[in-house]
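Single-structure report; data block below.
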Amino acid sequence: METNAVPQTGSLHARIIRACPAHAECALECPQRTVEDLGQIASFDNRPLIQKVKEAVGQWRHSSQT
C-alpha cells in the first residue's frame, strides 16, 4: 500500500476565545471565557473527480434504499 504524505481532503474549523472577564492571565481552557464557534471556514478535496462521483453515487444509493 502506498502512503501519500500530502493530504487529499481536509477542512478548517475556527473558534474565537474571548478574554476572561475574571482573570488577567488565565489558561485558554478557563471556564469563564466566552467561546464562539465559527464552524467550518474552509475545506479542500484534491481527490480525482471520478472518485468523488463514485462516492456521491454510493451515498445516494444508500440513502434511497432507506
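The values are calculated or read from the model by the stated rules, or taken from the named source; none is laboratory data. As the structure is a prediction and not an experimental result, all values here were calculated from the model. Because the Cβ atoms are built from the backbone with ideal geometry, glycine has one as well, and the counts that use them run over all protein chains shown.
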Taking the conditions exactly as written (in a loop (DSSP other than H, G, I, E, B), at pLDDT 90 or above and of a type in the set (A, V, I, L, M, F, W, C)), does Ala19 satisfy them or not?
yes
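A quick yes/no check of all residues on (1) closer than 30 Å to Lys52 by Cα; (2) acidic (Asp, Glu); (3) in a loop (DSSP other than H, G, I, E, B); (4) over 20 Å from the mean Cα position of the chain (by Cα):
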residue: Val6; (1), (2), (3), (4): yes, no, yes, no
residue: Ser11; (1), (2), (3), (4): yes, no, no, no
residue: Arg15; (1), (2), (3), (4): yes, no, no, no
residue: Ala24; (1), (2), (3), (4): no, no, yes, yes
residue: Cys30; (1), (2), (3), (4): no, no, yes, yes
Only one of (1) among the aliphatic types (A, V, I, L, M); (2) exposed (fewer than 10 other Cβ atoms within 10 Å of the Cβ); (3) modelled with pLDDT of 90 or more; (4) not in a strand (DSSP E or B) is not met by Ala42, so which one is it?
(4)
